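The values are calculated or read from the model by the stated rules, or taken from the named source; none is laboratory data. All of these numbers come straight from a predicted model, not from anything done at the bench. When we count neighbours, we look across all protein chains shown, and the Cβ atoms used for this are built from the backbone with ideal geometry, even at glycine.
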Amino acid sequence: MRLLLAAVTALGLFGQTPSTDTKFAAPSFASLEEWKARRAGLQKQVLSATGLLPFPARNPLNAQVFGKITYADYSIEKVYIETLPGFYLAGNLYRPVGKKGPFPGMLAPHGHAQYGRLADDELFSVPSRGINHARQGYVVFAYDMIGYTDTVQLPHVFGNTPKEQLWSFGPLGLQTWNSVRALDFLQTLPDVDKERLLVTGESGGGTQTFLLCAVDDRPKWSAPVNMISLIMQGGSPCENAPSLRVGTNNVEIAALMAPKPMLMVAATGDWTRNTPREEYPAMKKIYALYDAGSQVETVQIDAPHNYNKASREQVYKFFAKHVLGDSDASKYSEKRIRQEKLPDMLVFHGRPLPANALDLKGLFAQWVAAAEKQNAAERDVKVIRERLTVALGVQWPARVDAAPGSFRKGKGGAVLAVGGAGAADGRSELRIDLRPDTPAAAMETRNYLTFNRSDDAKRVQDIVTAVAWLRQQGETDITIKATGKAAVLATFAAAALEPRVKLEAPLGAFRGTDEEMIANCFVPGLQKAGGLQAALRVLR
């Protein structure tokens with residue numbers, strides 16, 4: 001029950017429809033064991049929401065590195081890698097010159113500045129941090145957001161259709177996968193120490209920083225800049241995906257990094273203005289559960305939303321201390337850089353995309369086919385059930401205090417009658433109706449599905465909750481009866497239940513196509529988790 005309350009508390013005020021701009025309560029845990037249990041479930045939730053449960057198959061990266069520019073103490077190269085078959089991620093590689101490696105490998109995702117990874121102004125400059133980090137002794141891969149600079153096979157905004165959502169196909173998941181494959185790329189470089197990997201980015205790149213650390217254990221150090229907040233969770237489609245923050249928020253997701261060193265950089269002029277007083281103490285408490293409170297630090301810069309020189313210099317010093325073992329902060333002031341001409345930095349300037357490059361339609365079709373192949377290959381029923389359960393968001397309630405429907409006591413077992421079905425045969429019977437649709441006004445809140453389950457997911461949970469109540473009454477022989485749409489929902493509920501229940505829910509002509517799922521059981525990520533075929537395999 002404590003874990004359930006922790007998740008509910010993360011929603012902020014009871015009765016509020018949570019959204020991007022909700023004021024969330026800080027998470028709190030009484031013990032390391034409690035946090036570890038929460039952590040395990042939360043990581044699976046993040047993986048499922050990003051479409052990375054399980055990770056896609058790793059295709060060859062076919063990395064191309066070219067166009068080298070060399071100076072006395074650093075070099076810059078152009079890079080593109082194939083993160084999925086026919087999908088290319090572009091960026092620049094900054095390397096030390098005149099130093100002996102192997103070097104720590106750093107990822108540098110960027111925010112929503114107009115010029116992306118090539119932005120160079122007072123508030124944001126990826127080249128400044130790339131060059132200065134290279135001078136300090138890191139190999140840095142600065143790579144694009146989807147739809148920015150060279151990585152333009154897809155627009156930045158997509159994944160909003162119900163069909164795409166059923167398959168967890170969207171910019172947040174693909175960008176997170178790009179970051180995973182960017183780590184793979186760094187580990188192939190002979191001058192990179194494969195065990196010393198770190199990541200830092202600002203704004204949307206800050207979201208990408210802590211999401212990568214949430215799903216991949218390889219980064220040992222991180223510095224998410226101007227993003228970890230309890231009052232704004234990220235407004236871009238590349239920072240939101242259905243189910244990502246149901247019952248949680250960015251502080252808790254970023255805490256999946258614990259107990260590894262992390263610097264939380266904040267600003268007085270954006271949504272991280274409360275960090276020293278609210279977000280940082282909450283994070284430090286989670287780190288303290290590992291006796292690692294000193295491993296998380298914060299600094300706040302008096303500036304608007306930024307990754308400016310002052311912020312960058314704090315990151316230089318933090319990484320110097322933790323990664324390079326150098327506590328002499330005076331050595332890590334930022335040096336001026338030479339800004340290169342755009343043609344010398346752009347990967348596809350005067351160069352076509354590879355011949356197999358896919359467009360949005362082609363990549364979605366491939367994503368679906370790859371997921372179907374992975375699901376068909378999985379033989380472990382426990383794994384199949386877990387993927388379905390995580391996508392559905394089903395939780396077994398610790399206690400149900402009142403009958404969730406109309407109950408009649410009988411003998412010889414119990415029937416849960418859903419949506420009009422019934423037994424009338426002397427057994428105990430609990431009747432529940434399908435809950436009505438959420439009012440349209442509530443669903444218009446910003447990024448509703450990122451923070452709230454779909455109506456059909458809630459209906460599946462209602463069925464599970466009703467079974468839990470019957471078990472509390474001592475019923476062990478339970479049959480779920482349902483017809484029509486309720487039969488589809490009951491099938492998924494039964495697949496999520498263990499121990500199993502009996503099911504009398506004829507599906508008729510229902511075959512679980514995308515269109516049928518949208519009409520009868522719209523749950524984002526459910527097709528990616530295997531859909532109807534996975535449920536039927538569990539119920540065999």
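Observations, loosely collected:
- Hits in the stretch 409-421 (condition: surrounded by fewer than 13 Cβ atoms within 10 Å (Cβ to Cβ) and closer than 21 Å to F492 by Cα): none
- Selected residue [of a type in the set (F, W, Y), in a loop (DSSP other than H, G, I, E, B) and either surrounded by fewer than 22 Cβ atoms within 10 Å (Cβ to Cβ) or in the same structural domain as C238 (by TED's automatic domain parsing) (or both)] from F158, F185: F158
- Residue that is without any contact (Cβ under 8 Å) to a residue 60 or more places away in the chain and β-branched (V, I, T), where the choices are V347, V415, V383: V383
- Cβ-Cβ contacts under 7 Å between residues 6 or more apart (or on different chains), taken from a first residue in the stretch 441-470 that is among the basic types (K, R) to a second residue that is assigned to a helix (DSSP H, G or I), are listed as R459/L489.
- Filter pass, D433 being touching a residue at least 24 places away in the same chain (Cβ under 8 Å) and either out of contact with any helix residue (DSSP H, G or I) (no Cβ under 8 Å at 6 or more places or on another chain) or basic (K, R) (or both): yes
- Within the stretch 188-213, being of a type in the set (V, I, T), outside any strand (DSSP E or B) and farther than 9 Å from L107 by Cα holds for T188, T207.
- From F124, F141, residue being crowded, with 24+ Cβ neighbours inside 10 Å, in contact with a helix residue (DSSP H, G or I) (Cβ under 6 Å, 6 or more places away or on another chain), touching a residue at least 12 places away in the same chain (Cβ under 8 Å) and not aliphatic (A, V, I, L, M): F141
- Number of the exception - M264 against (1) within 12 Å of the chain's Cα centre (by Cα); (2) outside any helix (DSSP H, G or I); (3) under 19 Å from Y287 (Cβ atoms): (1)
- Odd one out for E77, checked against (1) touching a residue at least 24 places away in the same chain (Cβ under 8 Å); (2) touching a Leu at 6+ places or on another chain (Cβ under 9 Å); (3) closer than 23 Å to M345 by Cα: (1)
- Just one of the listed residues (A267, A214) is in the same structural domain as Y290 (by TED's automatic domain parsing) and more than 30 Å from A457 (Cα to Cα), and it is A267.
- Residues of the stretch 494-514 that are without any contact (Cβ under 8 Å) to a residue 12 or more places away in the chain, within 34 Å of the chain's Cα centre (by Cα) and over 18 Å from K382 (Cα atoms): T513 alone.
- Hey, S428 of a type in the set (S, T, N, Q) and free of Cβ contacts under 8 Å to residues at least 60 places away in the same chain or not: yes
- Cross-chain or 6+ apart pairs with Cβ under 8 Å, the stretch 298-309 first and within 21 Å of N132 (Cα to Cα) and in contact (Cβ under 8 Å) with a residue 40 or more places away in the chain, then buried (at least 19 other Cβ atoms within 10 Å of the Cβ) and basic (K, R): Y307/R129
- So S428, is it surrounded by 17 or more Cβ atoms within 10 Å (Cβ to Cβ) and either small (G, A, S) or modelled with pLDDT under 90 (or both): yes
- Total residues in the stretch 301-346 satisfying the condition of being of a type in the set (K, R) and in a helix (DSSP H, G or I): the figure is 5.
- Complete set of residues in the stretch 473-494 that are more than 23 Å from R427 (Cα to Cα) and either hydrophobic (A, V, I, L, M, F, W, C) or touching a strand residue (DSSP E or B) at 6+ places or on another chain (Cβ under 7 Å) (or both): V488, F492
- Among the residues of the stretch 92-112, those identified as assigned to a loop (DSSP other than H, G, I, E, B) and in contact (Cβ under 8 Å) with a residue 24 or more places away in the chain are V97, G98, K99, G101, P102, P109, H110, G111, H112.
- Restricting attention to the stretch 161-176, the residues that are closer than 15 Å to L84 by Cα and not in a helix (DSSP H, G or I) total 2.
- N274 being among the polar types (S, T, N, Q) and surrounded by fewer than 20 Cβ atoms within 10 Å (Cβ to Cβ): yes
- Verdict on P397 being assigned by TED's automatic domain parsing to the domain that holds V464, closer than 29 Å to N375 by Cβ and modelled with pLDDT of 95 or more: yes
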